[in-house]
Amino acid sequence: MMKYYSTNLKSPDVSFKEALLKGQAPDRGLYMPREIPRITSSEIRKFGKMDYHEIAFTIIRRFISGQIDDTDLAAICRDAYNYPIPLEHVCDRKYILRLDQGPTASFKDFAARMMGRMMNYFLRLENRKLLILTATSGDTGSAIANAFLGLDNIEVVILFPETEVTNMQRKQMTTLGQNVHVIALDGKFDDCQALVKDAFADPELDFLQLSSANSINIGRLIPQSVYYFYAYSRLRNESDDDKAVFCVPSGNFGDMMGGMLAVRMGLPISRFVIAVNENDEFPTYLKTGKYQKIEPSKNCISSAMNVGHPSNLSRLIALYGGEMDEKGMIIRQADRDAMQKDLWAVSVDNAQTRQTISEAWNQYKLLLEPHGAVGWNGLNQYLSGLDQTELAGLLCISLETAHPAKFPDEINNLLAFQPELPAGLLGIDDKDESFEYLKKDYPAFKNYLLTSFK
Ligand SMILES: *Cc1c(COP(=O)(O)O)cnc(C)c1O
């Protein structure tokens, strides 16, 4: 049986099911698999001819030790991944992996849809209920709301920073109703996240059966390892030592941790490039070994990445033999030499992001939004430091994490046109919104939970 440990090392190991339903460990650490299953190179070859949902089944199955029946898991994967996943060729062997075609047009659909369906599977078997608390910087909220909407055994509470999400992002959460409850907080994403974490650690709320759908849930992380295999298996050449550079625009580091799990499973990479916006705490840490969270986090146009202390960082540090507590204190240093061999990190500011959107369009007719542009810029900065032999024939894949139509003003200002809305976003302007306002104050939030869900 695959066991999951807490990165704070003070809670007992649990099964996949428990880790999924709990979200955060009782000691406030994050769950990580004790062992990481191996995907062999001949399996990766076969992935090249398999559908996405079949690759997802093959990989996710290894992490759950039969706790979900194979037939059910296969059906869940087929149902969750029913949308296109384009690999757009840019030039040479450079590609954009578009993870923006799901129902809420952000890459978070990949994780949320899978996690919601797996949770529902276990809850239904046991006739249990859960109250999901989620902090969002924009896109998680709508992906979670959409993935859980209408599930009988789950209520969802979403907190978002009042002034930091776009109209479209807000409407994607507040127009759903049913079991989806939305709160606007007069604070930042980090404040939302702090309230959620406090609630999880509050024994007086135990009876509410709280759980998390943030990227701290291991059930969100594992599905995010799949698209790296998918992209690589389709773009690799015949040579067995063909290695890829992936570039991941990052905020809370869930996407990147999915990638790092993939690397430990056997995905052949040359480097993982981590591109962040002006919240540059991680590039600084990777360079110097000193970690200083950014409080308050900086507001950048790639708003879903405005994170001053990425919660998944403790997982990355654990993967490299170190220990970091939930406040960002490094208790034991990670093997930074090993980390630097796998990872390269860069901060991209707003001006560079905007310039990249313009240049990518003018040069290649490549349409990017701010998050994907941070990634594409970061990839190119990384490549500009390589020499000709390192560059020759190098496979490069940069992730586009949201649909450009979610940022109509930014795109219109830069490119003088409005991207076409994907199907899931059409008509949203005409729907009624419903949400509450709260101060960034734990007692007020606790009172809201106690009175709304007793
Ligand atoms: C959440 C998000 C990110 C950052 O992903 P993390 O897993 O938090 O690093 C990047 N782009 C978009 C569009 C997002 O919604």
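Kindly report the accessible area of segment 359-409 per residue (heavy atoms of protein chains, probe 1.4 Å, no ligands, DNA or RNA), in Å². Mind showing how you got there, number by number?
Working: 1870 Å² over 51 residues.
With all protein chains present, segment 359-409 gives 37 Å² per residue.
Run the accessible area of segment 150-280 with a 1.4 Å probe and give the carbon-and-sulfur part as a rounded percent.
On the way: 1430 of 3500 Å².
Of the solvent-accessible surface of segment 150-280, carbon and sulfur hold 41 percent.
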* Which order do T288, T163 take by accessible area at a 1.4 Å probe, largest first? -> T163, T288
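With all protein chains present, how much of the accessible area of segment 297-367 (probe radius 1.4 Å) comes from carbon and sulfur, to the nearest whole percent?
Working: 1370 of 2900 Å².
Exposed carbon and sulfur together represent 47 percent of the surface.
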* Roughly speaking, what is the stretch gain from L391 to E433, that is 0.36 nm per residue apart minus the C-alpha to C-alpha distance, in nm to one decimal? -> 10.1 nm
* Give, as ranges by residue number, the residues of segment 46-79 whose backbone N falls under 13 Å from the point 7 Å along Cα→Cβ of D242. => 46-49
* Structure fact -> Sorted by accessible surface (1.4 Å probe, heavy atoms of the protein chains only), largest first, E326, E35 come out as E35, E326
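Averaged per residue, what accessible area in Å² does segment 172-320 show with a 1.4 Å probe, protein chains only?
Value for segment 172-320: 27 Å² per residue.
Taking square-rooted eigenvalues a ≥ b ≥ c of the alpha carbon gyration tensor, is the chain rounded, prolate or oblate, where a/c under 1.5 means rounded and, failing that, a/b exceeding b/c means prolate? It would help to have the intermediate numbers written out before the result.
Values: a/c = 1.36, a/b = 1.19, b/c = 1.14.
Since a/c stays below 1.5, the shape of the chain is classed as rounded.
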* Asked: Within the accessible area of segment 1-64, what % is carbon and sulfur when the probe is 1.4 Å and the other protein chains stay in place?
  -> 50
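Using only C-alpha atoms and all pairs of different ones, pull out the Kirkwood radius for segment 336-443 in Å with one decimal.
Details: mean 1/r = 0.0592 Å⁻¹.
Result for segment 336-443 stands at 16.9 Å.
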* Given the Cα-Cα distance of D13 and T288 and 0.36 nm per residue of separation, how much length would full extension add, in nm? -> 95.7 nm
* Would you mind classifying segment 316-373 by shape? Square roots of the alpha carbon gyration tensor eigenvalues, ordered a ≥ b ≥ c; an a/c under 1.5 is rounded, otherwise it is prolate if a/b is larger than b/c and oblate if not. => prolate
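Over segment 288-339, what is the mean sequence separation of C-alpha contacts under 8 Å (at least six apart), divided by residue count, expressed as relative contact order in percent?
On the way: 59 pairs, mean separation 14.7, N = 52.
It rounds to 28 percent for segment 288-339.
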* To the nearest 500 deg cm²/dmol, what mean residue ellipticity at 222 nm is calculated for the chain from DSSP H runs of n ≥ 4 alone, each contributing -39,500 (n - 2.57), summed and divided by the residues? -> -12000 deg cm²/dmol
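When only the heavy atoms of the protein chains count and the probe is 1.4 Å, how do D51, D202 rank by accessible area, highest first? Write down the numbers at each step before the final one.
Numbers: D51 85, D202 20 Å².
Per-residue accessible area, sorted high to low, gives D51, D202.
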* Length-normalised contact order of segment 292-407 in % [C-alpha pairs under 8 Å, at least 6 apart] -> 18
* Asked: Within straight cross-link reach of K3, meaning Cα distance under 20 Å, which lysines are found once same-chain residues fewer than 8 apart are removed?
  -> K17, K22
* Structure fact -> Placing each pseudo-label 7 Å from Cα in the direction of the beta carbon, E359 and L426 end up separated by a distance in nanometres of 3.6
* Structure fact -> Classified through the alpha carbon gyration tensor (a ≥ b ≥ c as square roots of its eigenvalues; rounded if a/c is under 1.5, else prolate when a/b is larger than b/c, else oblate), segment 1-153 comes out prolate
* To do: Over segment 1-159, give the accessible area per residue in Å² for a 1.4 Å probe, as an integer.
  => 38
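With contacts defined as alpha carbon pairs under 8 Å and 6 or more residues apart, what's the relative contact order of segment 192-282 in percent?
28
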* Asked: What lysines sit close enough to K171 to cross-link, taking a C-alpha to C-alpha distance under 26 Å and skipping anything fewer than 8 places away on the same chain?
  -> K108, K188, K197, K298, K406, K431, K439, K440, K446
* How many angstrom lie between the C-alpha centres of segment 256-310 and segment 14-93? -> 22
* Asked: If you average 1/r over every pair of different alpha-carbon atoms in segment 17-74 and take one over that average, what Kirkwood value in Å do you get?
  -> 13.3
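For the peptides 348-360, 440-452, 373-385, 66-78, what is the packing order when you average, over each peptide's residues, the other Cβ atoms within 10 Å and list the highest mean first? Walk me through the intermediate numbers first.
Values: 348-360: 18.8, 440-452: 14.5, 373-385: 22.9, 66-78: 16.3.
Ranking the peptides 348-360, 440-452, 373-385, 66-78 by packing returns 373-385, 348-360, 66-78, 440-452.
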* Quick one: how many Å² of H89 are accessible to a 1.4 Å probe, rounded to 10? -> 100
* Asked: Excluding ligands and nucleic acids, what accessible area in Å² is computed for T166 using a 1.4 Å probe, to the nearest 10?
  -> 40
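The values are calculated or read from the model by the stated rules, or taken from the named source; none is laboratory data. Here the structure is a predicted model, which is why all the values come from computation and not from measurement. With ideal geometry, Cβ positions are generated from the backbone for all residues, glycine too; neighbour counts draw on all protein chains shown. Heads up: the accessible areas ignore ligands, DNA and RNA and are worked out on the full protein's heavy atoms, side chains in. Shrake-Rupley method; radii C 1.70, N 1.55, O 1.52, S 1.80 Å.
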